[in-house]
1. Taking A:L237 as meeting all but one of (1) more than 14 Å from chain B (Cβ to nearest Cβ); (2) open to solvent by 10 Å² or more (accessible area, probe 1.4 Å); (3) within 22 Å of B:G147 (Cα to Cα), write down the number of the exception.
2. With (1) modelled with pLDDT under 95; (2) open to solvent by 30 Å² or more (accessible area, probe 1.4 Å); (3) closer than 30 Å to B:L142 by Cα as the list, and B:G42 as the residue in question, which single condition is left unmet?
3. At least 2 residues that are more than 17 Å from the chain's Cα centre (by Cα) in each: list the helices (runs of 4 or more DSSP H) lying fully within region B:1-113 that qualify.
4. Given the residues B:T71, B:T36, which is the only one that is in contact (Cβ under 8 Å) with a residue 12 or more places away in the chain and within 16 Å of ligand 2 (Cβ to nearest atom)?
5. Where residues in region B:141-189 are open to solvent by less than 20 Å² (accessible area, probe 1.4 Å) and farther than 15 Å from B:F86 by Cα, which of them is farthest from ligand 2 (Cβ to nearest atom)?
6. Return the pair list, or none, for Cβ contacts closer than 8 Å from residues in region B:11-31 that are on the phi > 0 side of the Ramachandran plot and touching a residue at least 12 places away in the same chain (Cβ under 8 Å) to residues that are of a type outside the set (A, V, I, L, M) and open to solvent by 60 Å² or more (accessible area, probe 1.4 Å), at least 6 apart or on different chains.
7. Examine region A:207-215 for a residue that is small (G, A, S), surrounded by fewer than 15 Cβ atoms within 10 Å (Cβ to Cβ) and within 30 Å of A:T51 (Cα to Cα), and state whether such a residue exists.
8. Which of the residues spanning region B:40-64 are more than 14 Å from chain A (Cβ to nearest Cβ) and more than 16 Å from ligand 2 (Cβ to nearest atom)?
Amino acid sequence: MILAISTVSQGLLWALLALGVYLTFRVLDIADLTVEGSFPLGAAVAATLLTDGWSPIPAILIACIAGMISGVVTGILTTKLKIPALLAGILTMIALYSVNLRIMGKANLPLLKQETLFTMYQPEGLSMPVTVLLIGFIVVLFVAMINYWFFGTELGAAVRATGCNPRMIRANGINTDVMIVLGLLLSNGLVAISGALVAQNNGFADVGMGVGTIVIGLASVIIGEVLFGTRSFKNSLISVILGSIVYRIVIAVVLQMGMPPNDLKLFTAILVAAALSLPLLQAKIKKRSVQA
Amino acid sequence: MLRIDNIHKTFNPGTITEKHALKGVSIHLPPGEFVTVIGGNGAGKSTLMNSIAGTFPVDSGQIAIDGIDITRWAEHERAKFIGRVFQDPMMGTAADMMIEENLAIASRRGKTPTLRWSSKAEDQDRFRELLKSLNLGLEDRLESKVGLLSGGQRQALTLLMATMVKPKLLLLDEHTAALDPKTAEKVLNLTEKIVTERNLTTLMITHNMRDALKLGNRLIMMYDGKILVDVRGDEKKNLTVKDLLAMFEKAAGSELTSDALLLS
Ligand SMILES: Nc1ncnc2c1ncn2[C@@H]1O[C@H](COP(=O)(O)OP(=O)(O)OP(=O)(O)O)[C@@H](O)[C@H]1O
Ligand SMILES: [Mg+2]
């Protein structure tokens, strides 16, 4: 039971990362690797502030702003300096490795005695795992609602249209460069919050905790879309959140079945590669059956 | 309304693929003029239109709309004045978004987007009325994704979007070329209706000489980055395809006859 609860909670805390990846990968149509740096950035900023005696909510907000700044850096590299988006994200991610080490002063910062979001707001009589589940749910619900609202506004619609057809939206008077920067800002802000929450749940921030986050995010997005649909933007948001939870369940199951934890990233990468090639394979199979 | 002064454009300067695509084009369009543009492949028609729309900067010369020099404006800034329909039906709409969302974006062309809700209930009735005027049954499909529409439906919708906020200048680049003949004719009729009803200053590129003669009140022919022929008024009304070919030969020199035939 405890395992089930903590699996779902993990899924919720990581769902913010998945939402961030969804915003770049699907909405903006950019594979943004900044997340591999902005996730530990969020963790590093929050952990450092908490050890400095800040209270959790301001620490998480500052972590979010730090993540947003990293998104803006990638955005400027790709729009103003015309560096391909993939490479721009890699550059920011690499730079953030050093930045994160500087912020923390060392590679790993434990949060042992500090108050975290979860200890601070633990309702009386509720166990820690249930508290994490509850707070995770509230945060994700709040973030999803803000996203739903924002992408329904004029500005949000312009960001979505930028990812869908930049020429069309330019012909309608929108500066696509600004929209791309804005999308990257929002995405990496969410990813940094995810990092800040995961660090508080795990009890430490580590400079290496970003490795593979892009793949985890993609896995959640794709699993969610396949299982729960993409009919509308609202539907997609919910799908991505559920996808993150399902991903954690899948991981928990394969670990229970005896897969060595060191193989997890290989497993996830294969999963994502298979899912990404699925449409192509389906088309090929269809073609073959038509020919036959 | 539109004044173009001696614009030049060279692609890939200094490389083996260097191409002097516009060689000093000048033209002046008074308000309400509907100009059809013809010319062989590579004549520079699209380059002229893209220069006006700001897809890329020109090397020299000046472009002004309504007396405002826009030569150095970015593409999205010029959109305030310019409505566009592209040759590719995929180009003018956002496929993953609903018809309603596309129309909502077009209804704000040239305005800075705010944090107000994008599609409001009171807009829907207006959108439905506009869609009804297309006679394509789209008025009941406000919530369909545009990607589900046929090419002709998308071009008609793009035309509607480009003219929703009255543009000072409407640019149509072979916007019926990708459609089957019947649909092309429908979209062309719709174009004529919208342009005349709303008295829009329009530049329309076409490869179809008959359309170029039938529509509009002025015709220009481009060849090798220059405007070779420019006829308007009664002279244009009485023009035939044969006349056009003759004018083209005279202006471009007899060695170009084969190119002229390509046009017909
Ligand atoms: N972006 C570009 N980069 C390099 N060369 C270009 C570019 N756009 C156009 N050209 C070249 O400039 C010349 C004029 O092209 P343009 O597209 O204006 O012709 P067009 O008159 O529209 O022809 P078509 O009838 O085939 O559409 C051609 O030789 C073309 O290859
Ligand atoms: Mg062309």
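The values are calculated or read from the model by the stated rules, or taken from the named source; none is laboratory data. All values reported here derive from a predicted model rather than from experimental measurement. We place every Cβ from the backbone using ideal geometry, glycine too, and count neighbours over all the protein chains shown. Note: accessible area is taken over every heavy atom of the protein model, side chains too, but ligands, DNA and RNA are not part of it. Shrake-Rupley method; radii C 1.70, N 1.55, O 1.52, S 1.80 Å.
1. (2)
2. Single failed check for B:G42: (3).
3. Hits in region B:1-113: B:99-106.
4. B:T36
5. Residue satisfying both the conditions and the ranking: B:L142.
6. Going by the 8 Å Cβ cut-off, the qualifying pairs are B:G24/B:N6; B:G24/B:K226.
7. The answer is yes; a qualifying residue exists.
8. Within region B:40-64, B:P57, B:V58, B:D59, B:S60, B:G61, B:Q62, B:I63, B:A64 meet the criteria.
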